[in-house]
1. Pairs, please: C-beta under 9 Å, at least 6 apart or cross-chain, first residue at positive phi and in the stretch B:300-313, second small (Gly, Ala, Ser)?
2. Within the group A:Lys191, A:Lys159, A:Lys226, which residue is in a helix (DSSP H, G or I), within 21 Å of A:Asp397 (Cα to Cα) and modelled with pLDDT of 95 or more?
3. Of the residues A:Arg84, A:Arg48, only one is buried (at least 21 other Cβ atoms within 10 Å of the Cβ), under 28 Å from A:Gly373 (Cα atoms) and within 11 Å of another protein chain (Cβ to nearest Cβ); which?
4. Take B:Ser69 and decide whether it is closer than 16 Å to B:His103 by Cβ, surrounded by 24 or more Cβ atoms within 10 Å (Cβ to Cβ) and at the interface with another protein chain (Cβ under 7 Å from one of its Cβ atoms).
5. Which is outside any helix (DSSP H, G or I) and more than 25 Å from the chain's Cα centre (by Cα), of A:Gly82, A:Gly29, A:Gly90, A:Gly49?
6. Kindly indicate which of A:Val233, A:Val221 is hydrophobic (A, V, I, L, M, F, W, C) and either over 26 Å from A:Gln476 (Cα atoms) or in a loop (DSSP other than H, G, I, E, B) (or both).
7. Condition first: closer than 22 Å to B:Leu186 by Cβ, in the same structural domain as B:Ile410 (by TED's automatic domain parsing) and within 23 Å of the chain's Cα centre (by Cα). Can you find one or more residues in the stretch B:300-318 that meet it?
8. Can you tell me which residue in the stretch A:194-216 is farthest from A:Asp397 (Cα to Cα), limited to those that are among the acidic types (Asp, Glu) and surrounded by fewer than 24 Cβ atoms within 10 Å (Cβ to Cβ)?
Amino acid sequence: MDSRDKVLDKYSSKIYKNRKEHVIEIDGGEPQVIAADTRAIPGIMTNRGCCYAGCKGVVIGPLKDVVNIVHGPIGCAYYTWGTRRNKAKGDENTKDFTQYSFSTDMQETDIVFGGEKKLRQAIKEAVEIFNPECIMISSTCPVGLIGDDIHAIAAEAEKQYGIKVLAFSCEGYKGVSQSGGHHIANNGLMKYIIGTGDAEPVKYSVNLLGEYNIGGDGWEVERILKRIGYHVVSVMTGDGSYDHMKNAHTADLNLVQCHRSINYIAEMMKTKYGMDWIKVNFIGLESIKKSLMDIATYFGDPELLARTEAVIAEELDEIEEGMAYYKSKLDGKKAAVYVGGSRTHHYINLLKYLGVDVVLAGYEFGHRDDYEGRDVIPSIKIDADSKNIESITVTKDEANYKTFHSPEKLEALKAAGVPLEKYDGLWSDISEGAIITDDFNHFETEEFLKLLKPDIFFSGIKDKFIVQKSGVPSRQLHSYDYSGPYAGFRGALNFAKDITMATYTPVWNMVQAPWKSEPTLVGSLGGME
Amino acid sequence: MLELTPKKVSDRSTLRINPIKTCQPVGAMYAALGVHQCMPHSHGSQGCCSFHRMFLTRHFKDPAIASSSSFTEGASVFGGGSNLKTAIKNIFDIYDPEIIAVHTTCLSETIGDDLNGYIQDAKVPEGKLVVHTNTPSYVGSHITGYYNMISGFIKYLSMATGEKNGKLALFPGFVNPGDMREMKRLMKLMGTEFIMLPDTSGVLDAPMTGTYTMYPKGGTTIPDIRDLGNCEMTLGLGELTSEFPADFLEKKCKVPYKTLPLPIGVENTDAFIMALNQFSKNEVPYEIEEERGQLMDILLDSHQYTHNKTVAIFGDPDTVLGMAQIALEMGMIPKYMVTGTPGAAFDRKAAALLEKFGVEGCTAKQAGDLFELHQWIKNDPVDLLIGGTHGKQVARAEDIPLVRVGFPIIDRYVHSYMPIVGYKGAIRLAELILNALMDRQDRDCEDEDLEMVM
C-alpha cells in the first residue's frame with residue numbers, strides 16, 4: 001500500500017469517497033485531475049477560512065487609504081486587525097488606515113431590529129473623524145441573514161458625503177472557502193473603482209496584481225521593476241490604495257502574482273480595457289528571471305531588455321555567495337508545502353534551487369486551474385456553492401479601450417513563451433511521486449508527516465506548532481514568521497537564511513532528555529559481589 | 001503611528017475603533033481546551049473556527065485544536081442540524097476525543113439552531129459525550145463566552161449525588177496556563193483539595209518532546225467535572241468572570257459560592273489565601289509566608305521608582321481591576337482603566353478600588369476601546385501602559401513604555417507560562433513594571449544623570 005492509500009484507508013467509507021478525489025500522487029504520466037473548490041466536510045479540521053476572510057481579510061483590507069468598516073459583531077473586525085502582515089505606509093498625500101480596526105460592533109438589539117441605522121451612523125462618524133476619500137463596508141454572517149441592505153446604504157452615503165462608498169456582501173457562509181470572498185472583492189473593485197481615475201498614461205507602466213506586500217514583498221518587487229524602468233500604476237492590493245487603483249486602467253500590462261485571488265480582475269480588465277496580463281512569479285531566482293524577461297519581451301524595447309539583463313546580473317551577483325552557502329546546508333532535504341491557493345506553487349522552484357524537493361503539497365482553497373492549469377477552466381463543473389458567488393460580466397469601455405499589441409504580435413509572443421493569459425498551475429513544476437492534498441486537513445497533515453518524513457514543513461500558524469511538536473521544523477508561508485521579504489532576489493536570500501536557521505537551530509539536538517537514552521541507575525545486582 | 005487619531009474626543013456612539021474585546025466563541029474555545037481530551041467545536045461557518053484557532057495559537061504559541069460545522073449557504077438557510085450530526089460522527093471517528101464541547105456563533109444563533117435538539121438526535125458513541133453552550137457573538141465578549149462554556153459543562157455533567165467530596169470548586173477566571181498552575185500550587189501548599197475548571201495548564205503550555213499528541217496530559221477530567229456538584233463550596237476568582245458559573249453551579253447542585261478578585265497583587269492574594277485557609281482549616285505554611293515577605297521586601301525596596309507614576313490599564317475586566325490593585329499597592333495612580341467587555345459592575349468596582357486607596361481623578365470605562373483611550377492619553381498623558389499587544393501602537397505613538405499583561409499577547413513569548421497571580425506573580429509584575437520604568441529613566445536621562453546604582 002502506498003502512502004496515499006495508507007492515509008485514506010483510515011477514513012470511514014463516506015469520507016474516503018470524498019477525500020480520495022482530493023488526494024493524489026503525481027505519477028508523471030497524463031495530466032491528473034484533482035477535486036478542488038468543493039465543500040469542506042463538517043467536523044474535519046480543515047485549514048480553510050471563510051468568504052469574509054477572503055474579501056476583507058485578503059483583498060480589500062490592505063487598501064491603505066480606505067476606511068474598512070466591518071458590519072457585524074466585533075470578532076470579525078478584531079481578527080483581521082494587523083494580523084496578516086500586509087505592510088503599508090502612508091505619506092502626506094495618502095492616509096494609512098491599516099493600523100485601525102473599524103466595526104459596527106453589532107449587539108443583540110441590532111440583530112433583532114436590524115443594523116442599518118447603526119451602519120449609517122458608523123459611516124457618519126467615520127466621515128466626521130477621518131474624512132476619508134473611500135469607505136468600504138464588509139458584511140459578516142448575521143448581516144446577510146437579517147437582510148440589512150448595505151448596498152443601498154453605501155449608495156446613499158456616497159451621495160450624502162461626496163466620497164466613494166462600496167459595500168461587499170461577503171458573509172462568511174458564502175462559497176466554500178476564502179476563495180468566494182476574493183471573487184466578491186474583485187467584482188466590487190472592478191465595478192466601482194478601477195477606471196474611475198483620470199491620470200495620464202505613463203510609458204511602460206504595469207499593475208501588480210495579487211501582491212499583498214506580506215513582509216514587504218511588494219516593495220521588493222517594485223524596487224526591481226523601477227530599477228529596470230517600469231512605472232507601477234497600482235498594486236493590488238498590498239500597500240495599495242484607492243487613489244492609485246482608480247487609474248489602474250491606464251497601465252499597459254497587468255502582472256499577476258497570486259492567480260487565485262485576483263485572476264478575475266485580470267480577465268475583466270482584458271475584456272473591458274484590452275489590457276493584456278501575464279502570470280509572473282517573483283519568488284525564486286529562476287522564476288524572477290523568467291518573469292522579468294517575459295515583461296521585457298512583452299514591451300519589446302531593446303533598451304529595456306538590456307536593462308533587465310543588467311539588473312538581473314547585478315541582483316544575482318549580490319546574493320550569489322549567500323545562496324551557495326545556504327544551498328550547501330539544505331541540499332538533499334525534503335519539504336512539505338501547504339499554503340493558500342497559489343503560493344505553494346510559487347515556492348517550488350526556489351526550494352528546488354536550494355536542493356530541496358517538495359514531497360507533499362497542496363492548497364487550502366485553490367481551484368482545479370491552480371493545480372492543473374487554466375486550460376481546464378472550461379471543463380470545471382460549477383456546483384451550487386460556487387453558483388452562489390456572483391460572476392459579473394464586463395463589456396468593452398470604448399473610451400478607455402486600448403491594445404498594446406496586434407493579435408498577431410500577441411500570438412507571436414505566446415509562441416515565444418510569454419505566458420499571456422496563461423497559467424499552467426502547480427502540475428508544471430511539481431516532482432513525480434509527490435503527494436498532493438487539496439483542502440488539506442489536520443488528520444492528513446499528521447499522517448503524511450509520519451509517512452513522508454519531510455525535513456521542513458511550510459504552512460500556517462494553526463499547523464506550525466503541531467508540526468514542530470512532532471519534531472519537524474516548520475515555517476509559516478502566510479506570515480513568513482514575521483520575517484521577509486521573501487520575494488525578489490534579496491528575498492530569496494532571506495528565505496534561504498530563515499529555513500537554514502529553522503533546520504539548524506541548536507534546540508533540535510537537545511529535544512531528547514539524556515535520561516531517555518542513557519541508563520540513569522548505576523549499580524550492581526544483588527548477590528553479584 | 002496612529003497619526004490619524006485626533007486629539008479631540010468627539011461624540012462617537014456607534015463606530016467601534018480598535019477594540020479591547022473580541023467575540024464569545026473564542027472564549028468558549030479556550031475554556032473547552034481546558035478540559036482533558038476535549039474537542040472544542042464551533043457551530044458556524046469555518047472562518048470563525050479558523051480565526052479563533054489562529055488567535056489562540058498566536059497567544060499561546062502552542063496548537064489550539066478545534067473543529068467546525070463548516071456551514072455553507074444551504075446550511076444557513078435550512079439550519080445546521082445535519083452539519084452538526086455529520087461533524088459529531090466525523091470527529092469521534094477521526095479525532096477520537098472523550099468529549100465534544102460545541103459552542104455556537106452569530107450565524108447559528110441568528111438562524112436559531114436548536115442545539116439541545118440536535119445533540120439529543122446525534123449518534124454519540126457509547127461512553128463519549130457531547131455538550132454545548134450558546135455563545136452569540138453579538139452579546140458580551142470573549143469573557144462571556146468563556147464563562148458560558150464553563151456553565152455548559154456544568155449543565156450537562158455536574159451532579160450532586162448527595163455525598164460531599166470535601167473539595168473546593170475553583171473557577172480560575174480568564175487567565176493563562178501559568179496562572180492556573182500557580183493557583184494549583186498555592187492550593188496544594190494550603191492542603192486544599194480542589195477541582196478547577198477549566199485547567200489549560202498542560203494543554204496550552206504542553207512540553208516539546210518530539211511527539212505530538214492531540215490531547216496532552218492537562219485539562220480538567222470529565223469525572224472531576226461531574227464531581228463539581230459534590231464540592232463543599234465554590235471559589236470564583238475574577239468576580240466579573242467567575243460569578244456566573246459559580247451561581248450556575250449553586251443553582252444546579254446547591255454548592256454555595258464565594259467570589260473574589262483575581263489574586264493579582266498583595267491584598268487580592270491575601271484574600272485568596274485567607275479563603276483557602278478558612279476552607280481547609282490548615283495553617284498557612286512557611287513557604288507562602290516567605291513568598292509574601294519577599295514581595296513586601298521588593299515593593300518596599302523599590303517604591304521610589306513607582307510612587308505617583310500614572311498608568312493606563314486596558315484589557316479584560318478582572319485583569320484590569322487586578323492590575324489596578326497592584327498598581328495602587330505600588331503607589332501608582334491608575335489614571336485610566338478601560339475594558340472592552342460591557343458591564344456596569346466594572347465601573348463600580350473600579351470606583352470602589354480608588355476610594356479604598358483614597359485616589360482621585362482617575363477614569364474607568366467599560367465597553368470602551370483603544371481609540372478613545374489613546375485620545376485621553378493625548379490630552380493627559382501617563383507614564384506607563386499596561387495591557388495586551390494591541391497597546392503597542394499607542395505606546396509607540398505616544399512614546400510610553402508598555403508592560404504586556406493579559407490577553408491577547410501575540411507579539412511576545414514565554415508570558416503564558418509565567419503567572420501574574422499569587423505573591424510570586426506579584427513579584428514578577430513588580431519586576432516587569434520596575435524594569436519598564438527604570439529602563440525608561442536610563443534611556444531618557446542626560447549622560448551626567450545616568451545612575452550606576454539605582
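1. Every condition considered, the pairs that remain are B:Asn308/B:Gly331.
2. So the residue among A:Lys191, A:Lys159, A:Lys226 that is in a helix (DSSP H, G or I), within 21 Å of A:Asp397 (Cα to Cα) and modelled with pLDDT of 95 or more is A:Lys191.
3. Only one candidate qualifies: A:Arg48.
4. yes
5. After ruling out the rest, the residue left standing is A:Gly29.
6. Every option except A:Val233 fails the conditions.
7. yes
8. Here the residue is A:Glu200.
The values are calculated or read from the model by the stated rules, or taken from the named source; none is laboratory data. The structure presented is a predicted model; accordingly, all values stated were derived computationally and were not measured. No Cβ is skipped: glycine too gets one built from the backbone with ideal geometry, and neighbour counts run over all protein chains shown.
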